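Reviewing the structure listed below.
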Amino acid sequence: MRDIPGKRRFVAAAGTLLAGAFFASRAQATAKDDRPNKLVIQVSDNDPGKWGLALNNAQNVVNDLGASTVALEIVVYGPGIGMLKSDSPMAARIAAALKGGMQIVACENTLKAQKLTHADMLPDIGYVPAGVVELMQKQQQGYAYIRP
């Protein structure tokens, strides 16, 4: 991703608005999406730095390619699920991304293994039965895959 000095704050603010327009119309990803640019991002680390990078990557893709041309989903499982809890150090930033329409889904297998419930998590996240299966299926549907 390219980084133009002096524009980070502007890009982040503009990107949040663009992402909101893009994601607001869809509650869940469709199995068949005709947008030309498809990206799935894996976050399985309980690390605020990795989370910040994942959210920045997602926003940069939307900014660079245009919201109407991008289908994007962040899939979270394993230790990364901790950052989706309402009391996590990244809660405010993730909540802002969700409110802006970013699609973030949590693995139900991980929730069960960690004895977490939906009530423990940030509102507005989505859920998938298995994060790894979601990643596999997205790639089969033509999504590019990154893991920051």
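The values are calculated or read from the model by the stated rules, or taken from the named source; none is laboratory data. Here the structure is a predicted model, which means the values were calculated and not measured. Here Cβ is always computed from backbone atoms with ideal geometry, including for glycine, and neighbour counts include all displayed protein chains.
Which condition does A67 not pass, out of (1) at pLDDT 95 or above; (2) under 30 Å from D34 (Cα atoms), if it passes all the others?
(1)
Restricting the first residue to segment 57-74 and requiring it to be more than 18 Å from L98 (Cα to Cα), which pairs with a second residue that is outside any loop (DSSP other than H, G, I, E, B) and not hydroxyl-bearing (S, T, Y) meet a Cβ separation below 6 Å and a spacing of at least six or different chains?
Matching pairs, first to second residue: L65/N37; T69/N37.
Provide a single number: the residues in segment 82-95 that are more than 22 Å from K38 (Cα to Cα), in contact (Cβ under 8 Å) with a residue 40 or more places away in the chain and not charged (D, E, K, R).
4
Scan segment 86-99 for residues that are assigned to a loop (DSSP other than H, G, I, E, B) and buried (at least 17 other Cβ atoms within 10 Å of the Cβ) and jot them down.
S88, M90
Mind telling me which of the residues M1, M83, M102 ends up being crowded, with 16+ Cβ neighbours inside 10 Å and at pLDDT below 95?
M102
With the requirement that a residue be over 22 Å from Q139 (Cβ atoms) and outside any loop (DSSP other than H, G, I, E, B), what does segment 43-55 give you?
P48, G49, G52 - these are the residues of segment 43-55 that are over 22 Å from Q139 (Cβ atoms) and outside any loop (DSSP other than H, G, I, E, B).
Take the residues of segment 100-116 that are assigned to a loop (DSSP other than H, G, I, E, B) and more than 14 Å from A54 (Cβ to Cβ): which is nearest to the chain's Cα centre (by Cα)?
G101
Pick out the one residue from L72, L122, L135 that is crowded, with 19+ Cβ neighbours inside 10 Å and at pLDDT below 95.
L72
Being assigned to a loop (DSSP other than H, G, I, E, B) and among the aromatic types (F, W, Y) is the filter here; which residues of segment 117-148 pass it?
Hit for segment 117-148 is Y143, nothing else.
Mind counting the residues in segment 100-148 that are over 16 Å from G80 (Cβ atoms), among the basic types (K, R) and without any contact (Cβ under 8 Å) to a residue 60 or more places away in the chain?
Total satisfying the criteria: 1.
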